[in-house]
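Below you'll find the structure, written out as structure tokens, and then a few comments.
The values are calculated or read from the model by the stated rules, or taken from the named source; none is laboratory data. Given the structure is predicted, the values throughout are model-derived calculations rather than measurements. No Cβ is skipped: glycine too gets one built from the backbone with ideal geometry, and neighbour counts run over all protein chains shown. Just the protein is used for accessible areas: all its heavy atoms, side chains included, with ligands, DNA and RNA removed. Shrake-Rupley method; radii C 1.70, N 1.55, O 1.52, S 1.80 Å.
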Amino acid sequence: MGSAAERSGTAEEGLSQVPDSSHATGSAGAPASGHALPGPAATWRRLGFDELGSEELDAWHRLRDANPMLDSPYFHPGFAAAVHACGMPVQVVVARDLQGRVCALLPCHRERSLLRPAGWPAADFQGPVLAAGAGFAPLRLLGGGVRGFAFDHLLAGHADFDPWVESRRASPYLDVSGGLDGYLGRASRSGKDNMAQARRRAAKAERTYGPVRFVAESVDADDLARLVELKRGQYAATGVKDHFADPRRLDLLHRLLRTRDASFGGVLSTLHAGPHLIAAHFGIRSEKVLHWWFPSYDPAFAALGPGWMLLRELVAAAPALGIARIDLGRGDDEYKRRAKTGETLVSQGLVTRNPARRALRKARESMIAAAKSSVLGPRLRGAVRRLRALSR
């Protein structure tokens, strides 16, 4: 994964306020911005996002900047801030070393006795923000009525979570340094062929419908509304649960679209053929990394392969945008397999002290896998959704 793969309320009862002797692993990496990196965690508190002060937020930026693993925009505090502001309360587990310095942060949601990563179920990279090589004691997330921490896109490299990992899956990415020429030099034969086909189809679209116009960074709320309309139609056509049925998630996209921080924000890219919006994508960006999040296209133009046309334009525009990597997110989509230049691993699992709960989840995942592999798979989507609801 570019550099990474080459590579609410007051403090809640039950989180330790005494030295943590379960982890002796120290921090690794060079000091950032003149600050010595903190030592191992000694105390843990869970705070509402609004309770974080400048000390915690400065430490969040400092730790992230010093750890190349965390260059995804999901680890930027701006993402957790936007999620929280949309009415999806974010709590942050804050760990401090013996000198009282913040050494780790993990933003999350609480659902009764369960913690989930902030932004779930649409957070494609998850994990604590901490120094490279530093340890993290997952069981310290439990307490104060919390009995489990469920993760489904935990970034590879957090060995402390290994005892609770149930499965690992690939998360593809495109190395777009050098723009289209650089990408084509690294792409698979399939990726090159699809990009060439996208170029030919763009010429055909122009002859048929009018000028093809690509906007890398649109701020047009109407274009975003049309993208969401297309995405919801796609959900309905495929039987997938409508992500935007919850209006807070739509609010999140609009909020991110208006975010124009130099280091973080939403990115809406559009592709028109004549008067028609044929494809669009909304993602989030932090410095040199763009996360491919909500792509869609108008099915009336499916024969043109507008998704590939849009992706090609975005790859070509990457140098001007200052983007070196496009993360596609976990998934088995064929276009991701064809387009990728590399991949990293993300894991799924549950941190809990309850062996019965882990056994139930394991049985559930086995049943889901069997349903997906069945010839009746498309007719079993409802059953799969009910199985996934178990043990939450």
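Distance cut-off 28 Å, Cα to Cα: go down the list Lys288/Lys336; Lys241/Lys288; Lys288/Lys340 and report the pairs above it. Among Lys288/Lys336; Lys241/Lys288; Lys288/Lys340, the Cα-Cα distance tops 28 Å for Lys241/Lys288. Look at the alpha carbon pairs under 8 Å that are at least 6 residues apart: their mean separation over the length of the stretch 220-289 gives a relative contact order of 25 percent. Accessible surface computed residue by residue for the stretch 120-229, with neighbouring protein chains in place and a 1.4 Å probe, gives 43 Å² per residue.
For Thr208, the accessible surface of its heavy atoms amounts to roughly 90 Å² (probe 1.4 Å, protein chains only, rounded to the nearest 10). Put a dot 7 Å past the Cα of Leu184, heading toward its Cβ, do the same for Ser54, and the two dots end up 5.1 nm apart.
Each Cα pair under 8 Å and six or more residues apart adds its sequence gap; the mean of these over the residue count of the stretch 271-329 is a relative contact order of 37 percent.
Of the solvent-accessible surface of the stretch 203-293, computed with a 1.4 Å probe over protein heavy atoms with every protein chain present, carbon and sulfur atoms account for 52 percent.
When you filter the trypsin sites (Lys or Arg not before Pro) in the stretch 193-267 for DSSP loop state and at most 12 other Cβ atoms inside 10 Å of their Cβ, you are left with Lys241.
Taking the full set of protein chains and a 1.4 angstrom probe, give the accessible area of Leu224 in square angstrom, rounded to the nearest 10. Accessible area, nearest 10 Å²: 0 Å². Taking amide H positions as modeled 1.01 Å from N, with prolines and chain starts lacking one, the residues under 5 Å from Ile284 and 5 or more places away or on another chain are Val267, His291, Trp293. If you wrap the Cα atoms of the stretch 31-119 in a convex hull and average its projected area over all directions, you get 6.0 nm². Amide H contacts under 5 Å for Glu166: Gln348, Gly349, Leu350, restricted to partners 5 or more places along the chain or on a different chain, H placed in the peptide plane at 1.01 Å from N.
Residue-wise HN-Hα couplings along the stretch 160-172, as the Karplus relation 6.51 cos²θ - 1.76 cosθ + 1.60 with θ = phi - 60° gives them from phi, are 5, 8, 3, x, 10, 6, 9, 7, 9, 9, 7, 10, x Hz; Gly and Pro carry x.
Taking each residue as 0.36 nm, the span from Ala300 to Asp251 lengthens on full extension beyond its C-alpha to C-alpha distance by 14.9 nm. Taking the alpha carbon gyration tensor of the stretch 88-234, multiplying each eigenvalue by 5 and rooting it gives semi-axes of 42, 21, 15 Å, largest first.
A straight Cα-to-Cα reach below 19 Å connects Lys192 with the aspartates and glutamates Asp175, Asp181, Glu313, Asp327, Asp333, Glu334, Glu343, residues fewer than 8 places away in its own chain not being considered.
Its alpha carbons considered, the stretch 115-163 gives a radius of gyration followed by a Dmax of 11.1, 30 Å. Spin-label model, Ser177 to Glu111: label points 7 Å out along the Cα-to-beta-carbon direction sit 3.9 nm apart. Take every Cα pair under 8 Å whose residues are at least 6 apart in sequence, average their separation, divide by the length of the stretch 74-221, and the relative contact order is 14 percent. Measuring only protein heavy atoms, the 1.4 Å probe finds Tyr209 accessible over about 90 Å².
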